[in-house]
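Below is one structure, written out as structure tokens, with a few remarks after it.
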Amino acid sequence: MTRMKRLSLILFLLLASFSCSLQAQDFALKTNGLYWLTTTPNVGMEFALSRKVTMDLSAAYNPWTFKDDKKMRFWLAQPEVKYWFCEKFEGHFIGVHLHGAQYFGGFSDKRYDGYLAGGGFTYGYDWILSPHWNLEAAIGVGYARLWYKESPRIPCVKCYENKHKNYFGPTKAAISLIYIF
């Protein structure tokens with residue numbers, strides 16, 4: 001089974017296992033405004049596991065190619081478990097997130113095609129705007145392992161080099177608009 005199929009199956013099973021107990025104020029849909037600034041469509045769903053714990057399943061996809069065939073196309077999945085210090089969807093929270101992505105493209109004279117996987121820790125805050133609308137700001141730091149092929153931007157099937165890299169640093173940034181059901 002490929003990595004993608006495995007990740008998709010795990011996310012589906014997590015969602016299915018918790019969807020049976022959804023109630024009012026226990027489920028939210030969200031979108032990250034910072035992704036939209038990079039023309040990256042994204043959506044997330046968050047649901048309560050208890051009074052102070054929620055599960056967030058977010059995904060983003062950027063299919064665009066820019067002028068002169070420059071692009072940074074990718075898809076990203078980032079599940080997260082959050083602990084809320086007050087009540088769910090209100091005030092300060094900390095979280096643990098995972099991330100997986102596939103990317104291809106580049107803006108310089110090189111092209112990068114590869115995958116990344118990792119995880120990290122998040123701190124954030126939710127402001128209540130109205131009974132159903134919230135604004136959330138979050139920042140995360142952590143680790144990502146990248147596996148990729150590096151090649152010149154000139155299309156050439158045989159002139160690439162396999163590489164890998166370990167990354168430590170920011171792994172999440174979000175200013176999200178949230179609708180709570």
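Please give the contour-minus-distance gain from W36 to W75: 0.36 nm per residue of separation, less the Cα-Cα distance, rounded to one decimal in nm. Mind showing how you got there, number by number?
On the way: separation 39, 0.36 × 39 = 14.04 nm, distance 1.38 nm.
Between W36 and W75, full extension yields an extra 12.7 nm.
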Exercise. log₁₀ I(q)/I(0) of the range 17-119 at q = 0.19, 0.21, 0.24 Å⁻¹, via Debye over equal Cα point scatterers, no solvent, to two decimals?
Worked result: -0.96, -1.08, -1.27
For this session: Kindly write out, for the range 124-136 in residue order, the coupling ³J(HN,Hα) from the Karplus curve 6.51 cos²θ - 1.76 cosθ + 1.60 (θ = phi - 60°), rounded to whole Hz, with x marking Gly and Pro.
Result: x, 8, 10, 9, 7, 8, 7, x, 10, 10, 10, 10, 10
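Return the FRET efficiency for the residue pair F168, A59: r is the Cβ-Cβ distance, R0 is 22 Å, and the value is rounded to the nearest 0.05.
FRET efficiency, F168 to A59: 0.40.
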Problem set entry | L49 long-range amide H proximity, modeled H, under 5 Å | T54, M55
Exercise. How large is ³J(HN,Hα), in whole Hz, for each residue of the range 41-56 in order, when computed from phi with the Karplus curve 6.51 cos²θ - 1.76 cosθ + 1.60 and θ = phi - 60°, using x for Gly and Pro?
Worked result: x, 7, 8, x, 10, 9, 9, 6, 9, 7, 5, 10, 10, 10, 10, 10
For this session: With a cut-off of at most 10 other beta carbons within 10 Å, and DSSP calling the residue loop, which GluC sites (Glu not before Pro) in the range 44-141 qualify? Please list them.
Result: none
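Restricting attention to the range 103-181, which trypsin sites (Lys or Arg not before Pro) occupy a DSSP loop and are surrounded by at most 16 other Cβ atoms within 10 Å? If you can, show how the numbers build up before the last one.
Details: sites: K110, R111, R145, K149, R153, K158, K163, K165, K172; in loops: R153, K158.
Here the sparse-neighbourhood loop sites are R153, K158.
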Seminar exercise, completed: In order over the range 104-118: 3J(HN,Hα) from phi, Karplus 6.51/-1.76/1.60, θ = phi - 60°, whole Hz, x for each Gly or Pro, gives 7, x, x, 10, 9, 7, 10, 10, 10, 10, x, 10, 9, 8, x
Problem set entry | Estimated distance in nm for a label pair at L49 and Q25, the labels positioned 7 Å out from Cα along Cα-to-Cβ | 2.1 nm
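Test of the criteria: in the range 35-106, which chymotrypsin sites (Phe, Trp or Tyr not before Pro) are in a DSSP loop and have at most 11 other Cβ atoms within 10 angstrom of their Cβ?
Numbers: sites: Y35, W36, F47, Y61, W64, F66, F74, W75, Y83, W84, F85, F89, F93, Y103, F104; in loops: W64, F66, F85, F89.
Sites meeting the loop and neighbour criteria: F66, F85.
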Exercise. Dividing the convex hull volume of the alpha carbon atoms of the range 34-181 by its residue count, what do you get in Å³ per residue?
Worked result: 105 Å³
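Read-outs throughout are calculated quantities, based only on the coordinates presented, and are distinct from any laboratory measurement. Keep in mind that this is a model prediction, so the values were computed, not measured. Using ideal geometry, Cβ is built from the backbone for each residue, glycine included, and neighbour counts are taken over all protein chains shown.
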